[in-house]
Structure formats: structure tokens, C-alpha cells
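In what follows, a structure is listed as C-alpha cells, so that the remarks can point back to it.
The values are calculated or read from the model by the stated rules, or taken from the named source; none is laboratory data. Values in this document were obtained by computation on a predicted structure and should not be read as measured data. Don't worry about glycine lacking a Cβ; one is built from the backbone with ideal geometry, like all the others, and counts go over all protein chains shown. To get the accessible areas, we keep the full protein, side chains included, count just its heavy atoms, and leave off ligands, DNA and RNA. Shrake-Rupley method; radii C 1.70, N 1.55, O 1.52, S 1.80 Å.
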Amino acid sequence: MAEKTAKKTIKVLEPKETKTPVKQTKTAEPKLAVKRKILFVASEARPFIATGGLADVIGSLPQALAKDAKYDIRVVLPLYSDIKPEQRRKLSYMGNLYVPLGWRNQYCGVFTCEENGVTYYFIDNEYYFKRPGCYGYYDDGERFAFFSRSVLEIMPFINFYPDVMHCHDWQAALAAIYLKTIYCKRFEYQFIRSLFTIHNIEYQGKYSLDILGDLFGIDESYRYLLEYEGCINLMKGAIECSERFSTVSPTYANEIKTAQYAHGLQDIICKNAFKLTGILNGIDVNSYNPENDAALFANFSADDLDNKKICKTELQKMLGLPVKDVPIIAMISRLVSHKGLDLVRTAIEDILHEEIQFVLLGTGDFAYEEFFKDIGHRYEGKVSANIAFNNDLSRKIYSGADIFLMPSISEPCGLSQMIASRYATIPVVRETGGLYDSIKPYGAGGNGFTFASCNAYDMLYVVHEAIETYKNTEAWKALMKKAATTDFSWQRSAEEYKQLYQSTYDTLK
């Protein structure tokens, strides 16, 4: 039998694309960095309301910080009746609540707006804030106690608990004190740290001890925090209660450790010196910009100073001074003693023997006002004494003058010397506080002229030095450019504040 063999045919298959199963994994969405939350507590801020340098700081520093996407910057202010209508129209009403203050329970309206990346909140209470001006009332202690207590009370209402609450001067001191007394046991507030900044240590918020509970609503067990030299001292309390405190220049931070500058608080400052930092203020270089300042008779820049001559000529015409090429020495100041006006009174007639013109703008103590009016009458055609507060004229003087005299006895920071520099007007300053930190002597390659002692004839010597340097056209032009290009922007200071906020927050660790 024939053997049957089975034929096996092998079918050749075309290779198929094989798919290896891929394990599906969920890609985590990138985590957003947590923003550092900073809440400024202050009694004034440009462009809303301003009486002095504090408003410039609160108007500029938050906006400089807000440029960094890592920061959520917010500001709380009182809603004064003097806030101009064009600013009020920006505000929107959020709602209201009631704020306890001693035995009282007060209405608190909350308004808000956003500007240049900063969120602003306004505390409304017509009984406290519907008045002309910001300060100088018999019940200022109660007014700003209500404001400070409101800051803590609105946090759940606006759903914002800051990492650092940055309080400024005595009007906001109670916010730092309340945080560590009345609110210290509330869970949401336990991780808030406070930084207190002294802009002027002369004004400390002193009140009778009798009103600690009745007016401020603070228990007697916390009396030791606020009591100093037989009275309540709100600035002392804020220094004790805050994790960090600061001043507006490094030199002033050292000066207030001494009796000469501390107005009685030197022992508290020295006790808490480990918490103290000094950071020099800046100025708003966009607002104070000679290239586009609409108040100027002509615009100019550090690279092309020719139009500054037009500013000078038109200023002379406006103030009734002869139009001629002599140095204009200017002062723009509050007319009070710590601005060094007694030095000026002693030396002014010696200065006026020189071929110069002198321009003053300011208001203040009656005796100084009358003195400068008299000098203006006696030296008519050489002196223009303008007893007024006039922002438009101040910018015309900054841009049209040649020398800016600022002989302060004490000056926590000072902005006028920076503004003058920005407009290529050369500062002559006493070496104190922020003046020392911002202006360095011409003889050492600096951007102005300085003297150290509180002596009228030392001041007179450097004024003469400035006048003689003015006569050297090339040297003066180089000095003007150096002054105008000095960096006084807030960006530099903002970086230092970021480090200070981090240091303040790190006290949690």
C-alpha cells in the first residue's frame, strides 16, 4: 500500500505591524506656585489721598511688588471724604459688616478697586472718616483703632488671609497689636506674620492708660505690651508685637537707637534691634520723569539737558526774578525746625551776598513763614518766597533750579533730594538718615554736596562749593548727568522688601 504523505503547505503571511500596548499614565498638571500674600495697612496712599511721604510709599511700593507674578499685593485704606470724585468713581461696593470696638459695634462698609496689579480695599464709616483732611482730630486714637480692627475683621469677608501684614506708622500700629492679642487664638489668623514700618518716629500714638479697654478694646492682661513711660504708646506696642520692624533708610535705622533721634523710644528700639531693618525708599520714576512731565515748561532727559535752560528761564519769569545765568538755589519743604530751617535763617544773608537767586516753596510754622516772607520783601528780585502747597509749582522748581538745599536735622528718608536729582538739580544735604544713604559728596565722585554737623557755617561752606562748581560748565554738566542717572526707582527697594517679607514669614519655622 502506497504510503500517503500529507502535504503540508505553509502559508506565508505578510508581516503585520505589531502594537505594543502602552501603559497609560496620567500626566500631572504643573502645579502653580503659591503666591506670597502681602497686605499693606496704611492711612494714606497716592493717588487716592496724600498728606506726605507715606502716601508716596504706599502709592509706589505695592505696585513695584505687584510686577512680580509670585506676589498677591493688596492695600487697605480708610475711605476719607477728601478722596477726589474721579478716584471714588473707580470704587465698587462689596458689602458691609459690624466691627466691635470696646463697648461699641460700628458699621464698616467695604469698597474695592484694582489698579496696576494691586487690589485696594477702603474702610467706610462716615462718623470717623467723613471729615476734611486725614488727621488732627481729638478722637484720632478711636478713628484709627476702628480702622485697624476693621482690617482684621474684613479678612474672612474678602477671603484674604495674608502671609505678611505690613503696617505703616502709628495709625496702623493697632492692626499688628490686635493680631497678637484679640485674634491670636483664632485659627485662621495664627499663620499671619506682621511687619511694622516706622516712617517718622516722632509721631508715636500716645494715649492715656485709662482708655486701653474702653476705647481700644484690649484686655488689661496685654497692658504690658503697650505701656511705656506712663501711657499707651501704640508704636511701642507694634514694635513689640511684630515679627519684624523696619525704617525707611539704613542710616535712620541706626539713628533711632539713640536718644537724639528716637524721641524717647531708644530703649525699646535697642531691645528689639535684632528685628530691625532699614530699607531706603524709592520714588515713582514714571511720575517724576523730566522726559514727559506735563508740568514742566520744556521736557528734557539726562542725555540731553539743553531744555533745562528753558525751564530755568521760564521759572525766573514766572516768579518775577531777573532772567540771567546765576545759580538758582531752591528749597521745597515743610517749614518746621527739624528741616534745618534754623541753619538757613543763620546763613541765608551770607548766601545772598553771592551772585545767586533763592526760591522757597512751603508752609508750616508761622515764625518761619514770616521770616521767609520778610527775606522775600527785603531781597526783592533775588528771592522768591512762596508760602503755599503747590504740586505744579514744585515740579517747575525742581526742573528749573540748579541747586536744591535740604539741610535737615533729621530725615528718616526724604524724597525731595531724589526728585531734585531726577530733574538734574544738584542736592546740598546734611548727612543724616536717608539723605546720607542717597546723596554722596561731589569731591568723592558722588552726586551732590554734603555736610555732617548741625552747623550753619558748615552748610554755608558746601553751598559756596556748589556755587563755585556751577561756574565750571563742563564739571557741572557732568554732575547733572550723574545726579539724573542715579537709580532711585522702587524696583531696587522692592527686591529688598521681598527678602524682608521672606525673613518675616520664616519666623514660622
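Below are the figures for this structure:
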| quantity | calculated |
| --- | --- |
| Count - residues of segment 77-99 that are surrounded by 15 or more Cβ atoms within 10 Å (Cβ to Cβ) and among the aromatic types (Phe, Trp, Tyr) | 1 |
| Segment 71-99 residues that are under 14 Å from ASP124 (Cβ atoms) and touching a residue at least 40 places away in the same chain (Cβ under 8 Å), paired with ones that are among the polar types (S, T, N, Q) and open to solvent by 30 Å² or more (accessible area, probe 1.4 Å) (beta carbon under 6 Å, 6 or more apart) | VAL99/GLN106 |
| Flag if PHE297 is modelled with pLDDT of 95 or more and within 25 Å of GLN357 (Cβ to Cβ) | yes |
| Tally of residues being in a loop (DSSP other than H, G, I, E, B) and not hydroxyl-bearing (Ser, Thr, Tyr) across segment 383-408 | 7 |
| Given (1) closer than 30 Å to LEU212 by Cβ; (2) at pLDDT 95 or above; (3) in contact with a Gly (Cβ under 9 Å, 6 or more places away or on another chain), number of the condition TRP103 does not satisfy | (2) |
| Flag for VAL463 being among the aliphatic types (A, V, I, L, M) and farther than 25 Å from PHE300 by Cα | yes |
| Considering residues of segment 414-440 that are of a type in the set (A, V, I, L, M, F, W, C), at pLDDT 95 or above and assigned to a loop (DSSP other than H, G, I, E, B) only, the residue nearest to ASN200 (Cα to Cα) | ILE439 |
| First in segment 109-136 and under 18 Å from SER60 (Cβ atoms), second anywhere and open to solvent by 20 Å² or more (accessible area, probe 1.4 Å) and not in a strand (DSSP E or B), Cβ under 6 Å, 6 or more apart | CYS113/LYS90; CYS113/LEU91; ASN116/GLN63; GLY117/ALA66; VAL118/GLN63; VAL118/ALA66 |
| Selected residue [polar (S, T, N, Q) and free of Cβ contacts under 8 Å to residues at least 40 places away in the same chain] from THR363, THR346 | THR363 |
| Filtered residue count, segment 28-48, keeping only those that are modelled with pLDDT of 95 or more and either closer than 20 Å to GLY117 by Cβ or acidic (Asp, Glu) (or both) | 9 |
| Residue within segment 288-311 that is under 30 Å from GLN190 (Cβ atoms) and open to solvent by less than 20 Å² (accessible area, probe 1.4 Å) present | no |
| Some residue of segment 63-71 being closer than 16 Å to ILE38 by Cβ, touching a strand residue (DSSP E or B) at 6+ places or on another chain (Cβ under 8 Å), in a loop (DSSP other than H, G, I, E, B) and not small (Gly, Ala, Ser) | yes |
| Listing of helices (runs of 4 or more DSSP H) fully contained in segment 441-509 that carry 3 or more residues being within 30 Å of CYS241 (Cβ to Cβ) and open to solvent by 20 Å² or more (accessible area, probe 1.4 Å) | 490-505 |
| Residues of segment 270-304 satisfying the condition of being in contact (Cβ under 8 Å) with a residue 40 or more places away in the chain, out of contact with any Asp or Glu (no Cβ under 6 Å at 6 or more places or on another chain) and hydrophobic (A, V, I, L, M, F, W, C) | ILE283, VAL285, LEU296, PHE300, ALA302 |
| Per-region count, segment 327-338, residues open to solvent by less than 30 Å² (accessible area, probe 1.4 Å) and either over 35 Å from the mean Cα position of the chain (by Cα) or among the charged types (D, E, K, R) (or both) | 0 |
| Residue that is in contact with a Gly (Cβ under 6 Å, 6 or more places away or on another chain) and crowded, with 20+ Cβ neighbours inside 10 Å, where the choices are LEU234, LEU225 | LEU234 |
| Yes/no for SER384 being open to solvent by 60 Å² or more (accessible area, probe 1.4 Å) and either of a type in the set (Phe, Trp, Tyr) or in contact (Cβ under 8 Å) with a residue 60 or more places away in the chain (or both) | no |
